[in-house]
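Any read-out appearing in this document is the output of simple, stated calculations on the displayed coordinates, not a laboratory observation. Just so we're clear, the structure is a prediction, and the values are computed from it rather than from any experiment. Here Cβ is always computed from backbone atoms with ideal geometry, including for glycine, and neighbour counts include all displayed protein chains.
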Amino acid sequence: MSAVRLRFAPSPTGELHIGGAHTALFNWMLARNHSGSLILRLEDTDNVRSQASYAAGILESLRWLGIDWDEGPVIGGPLGPYCQSERLPVYQKYINQLLNNGCAYYCFCTAEELAREKETARQNKKDYHYSGRCKNLTPGEIDSLLAQGMHPTVRIKSPQAGITTVNDLIRGPINFDNNLSDDFIIVKADGWPTYNLAVVIDDHTMKISHVIRAEEHLSNTPKQILLYQALGFDLPQFAHVSMILAPDRKKLSKRHGATPIRELREQGYLPEALISYLAQLGSSGNDDAILTMDESIAGFSLENVSRSPAIYDIDKLTWLNNHFLSKSSNERIINDLADNPQVSAWIKQSGITYWNNVVGLLKSRAKTLLDLVAMADYFFNDIFEYDEKGVEKYFKAADTINYLNGLLLLTESAQSFSADELETEIRSLAAHNGLKAAQIIHPARLALTGRTATPGLFEIMELLGKDKCVTRLNRAIIFINKLEI
């Protein structure tokens, strides 16, 4: 495979979501796998919905994911501009070519006239096709209408017989009947090309070799092939990636967890977790593997991309995030949370060294960065409330108060407060009293943290320090004495 040039062409009418990131990743991995180029192009001709803030957000989300581009906004390139809103002179050249060679024609039909045609088709229970009544206007008639100040659209002359075949690298050959199409509009009345014409011109002039995009664009492809042929362009290779569906196999939406990439970042997901997950989504061969970015690139092939819809599983993404979080350095996690106001307050309160130790203790248990922050609360704030189920199970158990009193005496008299020494002493205390160590450990964990699920008790005690442990054990003993058991 030579001169591989792929593109990701989002519309800045919203934020980058899972589906767009998935398409961008597949293009990027194929480009990198074949030492090719990825071109980023912004399709921003929707003047109503396109926003500069969305464009900036898409670029930032791609950078955060580690998906870089070789040509495009910000960095430029030899075949720009890379924003459609700046490419009207490029489009005009090819629009004139289509008009001059008879492959397209001006259409002066008004919206009202077209509405009447559609209503007639509806009443006759027929699919609507444009009548083509402007197709045979003479040059004189056209000049006269233009002189009157009318602003026509431009339509392509579509074949009304035969088939158009899309040779899809994922789905194989797909045939479309030409008689199902009509002379569709390729230039709007304001002079701007429609999506189908603009994308064909852009992909040709930017020398795109492979068009990998979402399945929803497959129905546009026959129209685009007609335009390639009318313009005398060579076809790129097409590949349409299947949709991503929710677990209930319905269209993915925010209620299924399909949040924008920006929000996933803010929730504390790591880019490497998203990359690893998206690389597997809709691609067979590594379903249960945990892949690095380099491994994902090396193993990527369109031959392994499934034709079936992929199912979005937020639980699997979260599981992967926990894996990568547990493997991350404390320094990296601290840096990722540097702007979190709660963390900033804690560092000011207890110092960066203490926060570093907390991160090291919690990172293997946290699902996300925000989960880690939530789990860290008891290291910085006093405990005045206890898990209700834990109270019923541990604080109300027979002799718990005696066990905690014994632990309190041990804690107050401890010479060393290292986790190893504390474990030895507490296990000895349990054995001396004919107890299982868990009979002390579980109520002690609840007393010191207010929770029933935490890292190891001995490590928590070492990090909290003797004074905090003594204070919290005393408070828990007072609490238990007031319980109605």
Subject >> Cβ crowding within 10 Å averaged over residues, with 174-183, 356-365 ranked highest first >> reply: 356-365, 174-183
Original post:
Which Cα, out of Gln342, Ile163, Ile401, lies furthest along the positive dipole direction of the chain (beta carbon charges, K/R +1, D/E -1)?
Top reply: Ile163
Original post:
Residues with amide H under 5 Å of Asp183's amide H, sequence separation 5 or more or different chain, H placed in the peptide plane at 1.01 Å from N; which?
Top reply: Tyr130, Ser158
Original post:
Can you run phi through the Karplus equation (6.51, -1.76, 1.60; θ = phi - 60°) for region 411-422 and list ³J(HN,Hα) in whole Hz, with x for Gly and Pro?
Top reply: 5, 5, 9, 4, 7, 10, 10, 7, 4, 5, 5, 4
Original post:
Sequence-distant or interchain residues sharing an amide H contact under 5 Å with Ile163, placed H: which?
Top reply: Asn178
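What order, most packed first, do the peptides 99-109, 399-409 have when packing is the mean number of other Cβ atoms within 10 Å of each residue?
Highest mean packing first, the order is 399-409, 99-109.
May I ask you to derive the FRET efficiency for Thr165 and Asp313 from their Cβ-Cβ distance with R0 = 25 Å, giving the value to the nearest 0.05? It would help to have the intermediate numbers written out before the result.
Details: r = 35 Å, r/R0 = 1.40.
According to the calculation, E is roughly 0.10.
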Original post:
For region 126-140, what does the Karplus curve 6.51 cos²θ - 1.76 cosθ + 1.60, with θ = phi - 60°, yield as ³J(HN,Hα) per residue in whole Hz, taken in order and with x for Gly and Pro?
Top reply: 10, 5, 7, 10, 4, 5, x, 5, 8, 5, 9, 4, 7, x, x
**OP:** State, to one decimal in nm², a quarter of the convex hull surface area for the C-alpha atoms of the chain, i.e. the direction-averaged projected area.
**Re:** 31.9
Subject >> Amide H contacts under 5 Å for Val211, placed H, 5+ residues apart >> reply: Gln237, Phe238, Ala239
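Provide, as a two-decimal number, the C-alpha radius of gyration of region 382-482 over 2.2 N^0.38 Å, N being how many residues it has.
Working it through for region 382-482, the quotient is 0.95.
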Subject >> Estimated FRET transfer efficiency (Lys348, Leu79; beta-carbon r; R0 56 Å; 0.05) >> reply: 0.65
**OP:** Provide the per-residue ³J(HN,Hα) series for region 225-231, in order, calculated from phi with Karplus coefficients 6.51, -1.76, 1.60 and θ = phi - 60°, each as a whole number of Hz, with x at glycine and proline positions.
**Re:** 4, 4, 5, 4, 5, 5, 8
Original post:
What are the lysines whose alpha-carbon lies under 19 Å from the alpha-carbon of Lys396, with same-chain residues fewer than 8 places away excluded?
Top reply: Lys436, Lys482
**OP:** Would you kindly enumerate the cysteines in the chain that have no other Cys beta-carbon under 4.7 Å from their beta-carbon?
**Re:** Cys83, Cys103, Cys109, Cys469
Original post:
Can you list the residues of region 99-141 with backbone N under 18 Å from a point 7 Å past the Cα of Ala189, pointing along Cα to Cβ?
Top reply: 105-119, 130-135
Subject >> Contact order normalised by residue count of the chain, Cα under 8 Å, 6+ apart, percent >> reply: 12
Original post:
Hey, rough spin-label estimate for Asn340 and Ser301, points 7 angstrom out along Cα→Cβ, what's it come to in nanometres?
Top reply: 4.2
**OP:** Would you mind working out the magnitude of the charge dipole of the chain relative to its Cα centre, with +1 at each Lys and Arg C-beta and -1 at each Asp and Glu C-beta, to the nearest 20 Debye?
**Re:** 760
Subject >> Hull-based mean projected area of region 251-407, where the convex hull spans the alpha carbons, in square nanometres >> reply: 13.3
